[in-house]
Amino acid sequence: MIELDPVIHAPARLRIMTTLDEALEEGDEIAFPALQKLLDMTPGNLTTHLAKLEAAGYVSSTKTFAGRKPTTLVTITPTGREAFHAYRAQLLQLLGGSR
């Protein structure tokens with residue numbers, strides 16, 4: 001029986017992980033507002049789902065300053081990328097696809 005990762009499986013978190021995996025190369029980061037715009041999510045909703053992904057070790061965030069303005073940068077971790085690729089492979093297998 002295929003068991004999908006429940007941390008990634010929630011629709012909003014799946015969208016976040018898909019976006020980060022596709023948009024970021026290893027070691028790249030994206031600013032929180034840019035990610036929010038890409039996903040069309042409210043700040044509170046995005047923050048809540050990022051916190052769950054961060055608790056699982058799938059994403060990390062860095063708070064910094066751009067001049068005097070605080071900025072949050074988000075990245076997918078190697079563990080997160082591996083978990084997402086495993087999730088995707090399991091989902092394709094469940095659906096009868098290949099990849």
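The values are calculated or read from the model by the stated rules, or taken from the named source; none is laboratory data. Note that the coordinates shown come from a computational prediction; the quantities given were computed from them, not determined experimentally. Cβ coordinates were reconstructed from backbone atoms using ideal geometry, including for glycine residues, and neighbour counts include every protein chain displayed. Surface accessibility is based on the protein's heavy atoms, side chains included, excluding ligands, DNA and RNA. Shrake-Rupley method; radii C 1.70, N 1.55, O 1.52, S 1.80 Å.
Values computed for the structure shown
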{"item": "Pair-distance profile P(r), taking every C-alpha pair of region 20-66, with 5 angstrom steps and integer %", "result": "5, 18, 29, 32, 15, 1"}
{"item": "Projected label distance in nm at Leu95 and Ile2, using a 7 Å step from Cα toward the beta-carbon", "result": "0.9 nm"}
{"item": "C-alpha center-to-center spacing [region 1-49, region 59-99] in angstrom", "result": "6 Å"}
{"item": "Gyration tensor (Cα) of the chain, equivalent ellipsoid semi-axes in angstrom", "result": "26, 13, 11"}
{"item": "Residue-normalised accessible area of the chain, expressed per residue, 1.4 Å probe, Å²", "result": "63 Å²"}
